[in-house]
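Quick one: the structure is below, and I'll ask about it shortly.
The values are calculated or read from the model by the stated rules, or taken from the named source; none is laboratory data. Since we're looking at a predicted model, the values are computed, not measured. Cβ atoms come from the backbone with ideal geometry, glycine included; neighbour counts cover every protein chain shown.
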Number of protein chains: 2
Amino acid sequence: MPEDIKKDTQFKPLGTDTIRVFAPATVANVVCGFDVLGFAVEAPGDEVIMRLTNKPGITISKITGDDGRLPLNPAKNTVSVSVQHYLNSIGRSDIGFDIELHKKMPIGSGLGSSSASTVAGLFAAKTLLGDESPANKLLPFAMKGEEMACGHGHADNVAPALMGGFVLIRSYEPLDVIRLPHPKELYCAIVFPDVDVPTREARQIIRNSVLLKDAVTQWGNIAGLVSGLYTGDIDLIGRSMKDVLIEPVRAMLIPDFYLMREMAMEAGAVSFGISGSGPSVFAFTRDEQTAHAITQKLQDHLTKIKIGSQAYVSPINDAGPRVLD
Amino acid sequence: MPEDIKKDTQFKPLGTDTIRVFAPATVANVVCGFDVLGFAVEAPGDEVIMRLTNKPGITISKITGDDGRLPLNPAKNTVSVSVQHYLNSIGRSDIGFDIELHKKMPIGSGLGSSSASTVAGLFAAKTLLGDESPANKLLPFAMKGEEMACGHGHADNVAPALMGGFVLIRSYEPLDVIRLPHPKELYCAIVFPDVDVPTREARQIIRNSVLLKDAVTQWGNIAGLVSGLYTGDIDLIGRSMKDVLIEPVRAMLIPDFYLMREMAMEAGAVSFGISGSGPSVFAFTRDEQTAHAITQKLQDHLTKIKIGSQAYVSPINDAGPRVLD
């Protein structure tokens, strides 16, 4: 680590100038919590290798796993933009970072791909600088990245990616983010059917106004889900995970969504729905084995209808981002 | 108790043919839980004296405290209609009840007046017959009464009146009712300004469709409220009790609603809002003393603007209806 960085920083720097960080994929909305709920999974996720420099500004030296889809231009990449906002906020425009981004999860999958990268970058920066403030302090910077990635500074992916676990964004103005508990045995089965559902477009097909009676159904369900998370009542969690507003619209963009739901529920899923804006779908299960059975069944079906897919089975990730050796 | 009733009943009859029962007033909606949340208070409430007879059918021999507003005709009174539905359901159309209804709380106050009467009646009938099934089994019959009283079979007053405590109606079809915990220290200050806001009309001024962004705000808040109830986080409960959809419309029918809110919050309220469809307003507080200070302040103000009022200070009632000596 360059001497002048060590000297100037307001934190206790890590003592090394390079770090490798993993940040998790996330499932936003969680069926009945459009724009306010999300949770993190153990896998997949993204990796960032970050090097502290004493040259102001951020560079991106390498991106892998993105099929050339992400910009190396630091003014246009969500990771560098977020990290720059963070540096500005702590008054360290004198230093800089070089970033390698290794995408280990699909882009445009509805699994919070940009959030995972952004959170990995922010967590790497914070850790290198020895900033010990809690992870959720990084949330506003991560949301700047989301704003660039999908046109709206949502937090339902970045908040669980940063904080781990199950997260409620009660309010955006002011930002009020609450960690919710969950039954430890819950497993998550995720299948990403390889079709294109860009987040911006998926948002645009949602109507601006909804029937009050449907909204009442929705807030009865989110209240039931939160209750079930606190009491560990998995049946209640399952009963509550219904979406009468958003899913009927977004399901149209996902191949055989309702058939896949039927297959997952028959195979023992607690609940089934769209992850974020799709096209990934996810199921909660009571154990790992059932989750594997579901991903197998859904992938077999997708293969049959000639759609490629990727699948993940994971418990809920309570730790959020972590430093890799 | 007549011999043939004792003999025929499928339950263990109480051994007396007359009973006096109290059932509590309730605060429905709880600001951010329109149509799905409600809680019961210790006071006020209604009383029913019920006598088992071996003559089929239900009679109402006396109603007090209603200023002649409630019908003695058992086909038109919510209490007798609900109890008759209950009798039919258990196949006891051979017996009957005579009912005295003593209104101890104002009608049309937004405090679940008809629910308190109905629940008192149902609980009296169940107890006289020795029916030991849980109170929430009576819910469908109580909802029949609500349907007659306000044109819609809501459960957000009858469910907490029957079950006590804080109740979530997650779903109406099928009916799914969940008891929520609450911090024991929460006190409730209620003020009923004596102006007329009929429930039917209060419902009709609410629009059928709402903005999705407002609905999102609302379900973020109800999720926050449920979280705060489980963790006992009274600050979070207060922050979450906001209503951007219904309150702005209903507040117009309540004299100086926003001024009363300001006064209550200044006096230390955790939250403030409309009880049910109004015109009663309520505040949560952290102790009894603050609740008294708030009712005093609001009643003084209402007196100044020449509006009569009644006030109640009470903890949350966890027991629901009870037999009185």
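Looking only at residues in region A:241-266 that are in contact (Cβ under 8 Å) with a residue 60 or more places away in the chain and in a helix (DSSP H, G or I), which one is nearest to the other protein chains (Cβ to nearest Cβ)?
Taking the candidates together, the pick is A:E247.
In region B:203-224, is there at least one residue being surrounded by fewer than 23 Cβ atoms within 10 Å (Cβ to Cβ), in the same structural domain as B:P248 (by TED's automatic domain parsing), acidic (D, E) and part of a helix (DSSP H, G or I)?
Yes, region B:203-224 contains a residue that is surrounded by fewer than 23 Cβ atoms within 10 Å (Cβ to Cβ), in the same structural domain as B:P248 (by TED's automatic domain parsing), acidic (D, E) and part of a helix (DSSP H, G or I).
May I pose another question? Within region A:266-301, work out how many residues are among the hydrophobic types (A, V, I, L, M, F, W, C) and surrounded by fewer than 21 Cβ atoms within 10 Å (Cβ to Cβ).
Result for region A:266-301: 2.
Tell me which residues, restricted to region B:285-306, are of a type in the set (D, E, K, R) and without any contact (Cβ under 8 Å) to a residue 12 or more places away in the chain.
B:D300, B:K304, B:K306 - these are the residues of region B:285-306 that are of a type in the set (D, E, K, R) and without any contact (Cβ under 8 Å) to a residue 12 or more places away in the chain.
So that you can scan it fast, the table gives a plain yes or no per residue for (1) touching a Phe, Trp or Tyr at 6+ places or on another chain (Cβ under 8 Å); (2) closer than 24 Å to A:F39 by Cα; (3) not small (G, A, S):
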position	(1), (2), (3)
A:G57	no, no, no
A:K62	no, no, yes
A:D66	no, yes, yes
A:T78	no, yes, yes
A:S82	yes, yes, no
A:A116	no, yes, no
A:K126	yes, yes, yes
A:P134	no, yes, yes
A:F166	yes, yes, yes
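On to the next question. For region B:36-64, how many residues are part of a loop (DSSP other than H, G, I, E, B) and modelled with pLDDT of 95 or more?
Matching residues across region B:36-64 total 1.
Could you say which residue among B:F192, B:F166 is touching a His at 6+ places or on another chain (Cβ under 7 Å) and either outside the structural domain of B:H85 (by TED's automatic domain parsing) or not charged (D, E, K, R) (or both)?
Result of the check over B:F192, B:F166: B:F166.
Quick one: which of A:A283, A:A269 is hydrophobic (A, V, I, L, M, F, W, C), under 22 Å from the mean Cα position of the chain (by Cα) and part of a loop (DSSP other than H, G, I, E, B)?
Being hydrophobic (A, V, I, L, M, F, W, C), under 22 Å from the mean Cα position of the chain (by Cα) and part of a loop (DSSP other than H, G, I, E, B) holds for just one of A:A283, A:A269, which is A:A269.
To continue, here is another question. Output the residues belonging to region B:303-313 that are out of contact with any helix residue (DSSP H, G or I) (no Cβ under 8 Å at 6 or more places or on another chain) and either under 18 Å from B:L162 (Cβ atoms) or not in a loop (DSSP other than H, G, I, E, B) (or both).
Across region B:303-313, the qualifying residues are B:T303, B:K304, B:Q310.
Given (1) at the interface with chain A (Cβ under 8 Å from one of its Cβ atoms); (2) surrounded by fewer than 24 Cβ atoms within 10 Å (Cβ to Cβ); (3) among the small types (G, A, S), where does B:G153 come up short, assuming only one miss?
B:G153 satisfies every listed condition except (1).
Let me ask something additional. Would you mention how many residues in region A:105-157 are in contact with a strand residue (DSSP E or B) (Cβ under 8 Å, 6 or more places away or on another chain), outside any loop (DSSP other than H, G, I, E, B) and among the aliphatic types (A, V, I, L, M)?
8
A follow-up question, please. Considering each residue of region B:144-181, count those that are basic (K, R) and within 16 Å of B:V79 (Cα to Cα), and give that number.
Looking only at that region, the number is 1.
When only residues in region A:225-240 that are buried (at least 23 other Cβ atoms within 10 Å of the Cβ) and in contact (Cβ under 8 Å) with a residue 40 or more places away in the chain count, which is nearest to B:K242 (Cα to Cα)?
Among them, the one singled out is A:V226.
Answer with yes or no whether A:I169 is part of a helix (DSSP H, G or I), within 14 Å of another protein chain (Cβ to nearest Cβ) and either at pLDDT 95 or above or closer than 16 Å to B:W219 by Cβ (or both).
Taking the combined requirement at face value, the residue does not satisfy it.
Follow-up. For the list (1) crowded, with 20+ Cβ neighbours inside 10 Å; (2) on the phi > 0 side of the Ramachandran plot, I need the number of the one condition that A:I99 fails.
(2)
Could we say that A:E201 is at pLDDT below 95 and out of contact with any Asp or Glu (no Cβ under 9 Å at 6 or more places or on another chain) here?
yes
Follow-up. May I ask you to list the residues in region B:23-47 that are surrounded by 24 or more Cβ atoms within 10 Å (Cβ to Cβ) and more than 13 Å from chain A (Cβ to nearest Cβ)?
Once the filter is applied, which keeps residues that are surrounded by 24 or more Cβ atoms within 10 Å (Cβ to Cβ) and more than 13 Å from chain A (Cβ to nearest Cβ), region B:23-47 yields B:A23, B:P24, B:A25, B:T26, B:V27, B:F39, B:A40, B:V41, B:G45, B:D46.
Could I ask something else about it? Of all residues in region A:231-256, which are charged (D, E, K, R) and under 16 Å from A:F282 (Cα atoms)?
Hits for region A:231-256 are A:R239, A:K242, A:D243, A:E247, A:R250, A:D256.
Test A:G68 against the stated conditions and say whether it is free of Cβ contacts under 8 Å to residues at least 40 places away in the same chain and over 22 Å from A:K144 (Cα atoms).
Yes.
How many residues does region B:72-85 contain that are loosely packed, with under 15 Cβ neighbours inside 10 Å and closer than 18 Å to B:M105 by Cβ?
Residues that pass the stated criteria total 0.
Test B:G228 against the criterion of being more than 30 Å from B:V21 (Cα to Cα) and not in a loop (DSSP other than H, G, I, E, B), and give yes or no.
So B:G228 passes the test.
Among the residues of region B:102-146 satisfying the criterion of being of a type in the set (S, T, Y) and within 17 Å of the chain's Cα centre (by Cα), which is surrounded by the fewest Cβ atoms within 10 Å (Cβ to Cβ)?
Here the residue is B:S109.
Same structure again: Checking B:F97 against (1) more than 25 Å from B:G130 (Cα to Cα); (2) part of a strand (DSSP E or B): exactly one of these is not met. Which one?
Exception for B:F97: condition (1).
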